[in-house]
1. Somewhere in the stretch 294-301, is a residue in a loop (DSSP other than H, G, I, E, B), outside the structural domain of residue 146 (by TED's automatic domain parsing), surrounded by fewer than 13 Cβ atoms within 10 Å (Cβ to Cβ) and without any contact (Cβ under 8 Å) to a residue 40 or more places away in the chain?
2. If you check 322, 280, which single one turns out to be farther than 16 Å from residue 208 by Cα and either surrounded by fewer than 21 Cβ atoms within 10 Å (Cβ to Cβ) or not β-branched (Val, Ile, Thr) (or both)?
3. Does any residue of the stretch 64-82 turn out to be under 22 Å from residue 140 (Cβ atoms), assigned to a loop (DSSP other than H, G, I, E, B), within 16 Å of the chain's Cα centre (by Cα) and of a type outside the set (Gly, Ala, Ser)?
4. Looking only at the stretch 31-47, how many residues end up being hydrophobic (A, V, I, L, M, F, W, C), more than 20 Å from residue 123 (Cα to Cα) and out of contact with any strand residue (DSSP E or B) (no Cβ under 6 Å at 6 or more places or on another chain)?
5. Looking at (1) modelled with pLDDT of 95 or more; (2) over 21 Å from residue 332 (Cα atoms), can you tell me which one residue 187 breaks?
6. Based on this model, can you work out whether residue 204 counts as more than 17 Å from residue 319 (Cα to Cα), in contact with a helix residue (DSSP H, G or I) (Cβ under 9 Å, 6 or more places away or on another chain) and surrounded by fewer than 20 Cβ atoms within 10 Å (Cβ to Cβ)?
7. Please report, ordered by residue number, the strands (runs of 3 or more DSSP E) entirely within the stretch 108-194 with at least 3 residues that are in contact with a helix residue (DSSP H, G or I) (Cβ under 9 Å, 6 or more places away or on another chain) and in the same structural domain as residue 306 (by TED's automatic domain parsing).
8. One residue is enough: does the stretch 70-87 have a residue meeting the conditions without any contact (Cβ under 8 Å) to a residue 40 or more places away in the chain, out of contact with any Pro (no Cβ under 7 Å at 6 or more places or on another chain) and not β-branched (Val, Ile, Thr)?
Amino acid sequence: MEAKGLNFDKINLGHGSGGIMTRDLLDKIIFSTFDNPFLNQKHDGAIVRFNGDMAVSTDSFVISPVFFKGGNIGELAVNGTVNDVAMCGAIPKYISLAFIVEEGLKMDDFIEIVRAVKAAADESGVQIITGDTKVVERGKGDKIFINTTGFGQVHLKANISSQNIKEGDKIFVNGFIAQHGMAIMSQREGLDFESSIVSDTTNVNFLAMNLLDKFGEKIHLFRDPTRGGVASVLSEIAGDTGMGISIRENDIPIEKQVAAACEMLGLDPLFVANEGVFISIVSADAEEDFLAEMKKDPKGINAKCIGTVTLDHPGKVVMQSSIGGKRMVSPLIGEQLPRIC
């Protein structure tokens with residue numbers, strides 16, 4: 001698929017007019033890329049069937065830059081939505097997709113983003129079933145924004161709720177933290193490190209569903225620490241449950257170059273965004289088997305148990321530092337890394 005045949009090398013307002021140019025853009029890029037029986041009906045919506053409970057998650061992606069080390073806004077939108085549905089304990093099936101494109105965006109860039117959406121959807125096992133495309137005047141957007149809504153069928157063994165969390169539950173992360181936020185920051189600020197830091201954007205739905213297959217209701221909560229990072233998610237959980245959370249700094253998985261970059265920039269990696277990481281809170285009696293199962297999957301090979309739910313310090317997160325002391329981990333105040341998802 002190339003921009004040729006569209007007669008334009010950049011998006012302009014006519015592509016959002018609803019007329020011939022809009023139809024040309026949709027037919028030659030959108031419909032040809034996401035070809036499937038739902039979308040091919042060209043309705044303003046889609047009719048799908050589910051057996052059992054359905055999970056729905058909606059999100060908007062306004063990242064800058066839209067192309068970054070390890071991906072672009074297109075695959076980020078799909079992965080983020082797929083993961084949000086999976087964190088509900090559901091099997092992602094369908095996504096609605098809406099583009100808000102700024103006049104002047106290069107057509108080749110738009111095509112590359114659309115291709116990335118398609119590749120991420122195929123890898124995640126979901127279909128794009130409906131959507132929308134709007135064009136705004138130059139200066140009224142930031143190249144491109146994407147809005148998505150994901151739909152999934154709730155796993156038969158899932159009972160995901162913070163109300164199920166109890167004293168002694170173990171807290172896991174599936175891999176290295178802070179990679180996405182630092183990849184965006186380093187590229188945005190033009191920083192060069194010894195080796196390239198790339199975003200961890202990926203889908204984790206198959207790993208999450210496999211864990212539900214094996215452990216079912218022993219999994220009390222899934223949560224993905226995107227904006228605000230691990231610290232913000234754990235603080236929310238502590239606040240919602242009224243229980244305390246104890247974590248160990250030495251057990252938090254982080255790549256050395258990411259840790260060094262955070263230190264150089266004065267950033268706490270616990271507050272840095274992630275896009276391929278999720279937190280699991282699991283019954284203590286499943287700790288060893290759960291960790292072993294996660295490590296069988298390439299997206300869980302660096303998994304660690306990082307802490308425990310406790311009745312001590314209710315409503316607060318406390319971290320045992322690498323030098324032996326303890327410190328309170330507060331929720332993020334304000335914006336540490338703007339425009340990261």
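1. We begin by selecting, within the stretch 294-301, every residue in a loop (DSSP other than H, G, I, E, B); these are 296-301.
Then drop every residue that is not outside the structural domain of residue 146 (by TED's automatic domain parsing), which leaves 296-301.
Subset that is surrounded by fewer than 13 Cβ atoms within 10 Å (Cβ to Cβ): 296, 298, 301.
Among the residues that remain, those that are also without any contact (Cβ under 8 Å) to a residue 40 or more places away in the chain are: 296, 298.
Checked against the condition, which is being in a loop (DSSP other than H, G, I, E, B), outside the structural domain of residue 146 (by TED's automatic domain parsing), surrounded by fewer than 13 Cβ atoms within 10 Å (Cβ to Cβ) and without any contact (Cβ under 8 Å) to a residue 40 or more places away in the chain, the stretch 294-301 yields at least one hit.
2. 322
3. Yes, the stretch 64-82 contains a residue that is under 22 Å from residue 140 (Cβ atoms), assigned to a loop (DSSP other than H, G, I, E, B), within 16 Å of the chain's Cα centre (by Cα) and of a type outside the set (Gly, Ala, Ser).
4. From the stretch 31-47, those hydrophobic (A, V, I, L, M, F, W, C) are 31, 34, 38-39, 46-47; that's our starting set.
Adding the requirement that they be more than 20 Å from residue 123 (Cα to Cα) leaves 46-47.
From what is left, the residues that are out of contact with any strand residue (DSSP E or B) (no Cβ under 6 Å at 6 or more places or on another chain) are 47.
Qualifying residue count, the stretch 31-47: 1.
5. The failed condition is (1).
6. For residue 204, the condition - more than 17 Å from residue 319 (Cα to Cα), in contact with a helix residue (DSSP H, G or I) (Cβ under 9 Å, 6 or more places away or on another chain) and surrounded by fewer than 20 Cβ atoms within 10 Å (Cβ to Cβ) - is not met.
7. Per the criteria, 170-173.
8. No, because not a single residue in the stretch 70-87 is without any contact (Cβ under 8 Å) to a residue 40 or more places away in the chain, out of contact with any Pro (no Cβ under 7 Å at 6 or more places or on another chain) and not β-branched (Val, Ile, Thr).
The values are calculated or read from the model by the stated rules, or taken from the named source; none is laboratory data. Predicted model, so just to flag it, every value in this text is computed and none were measured. Cβ atoms come from the backbone with ideal geometry, glycine included; neighbour counts cover every protein chain shown.
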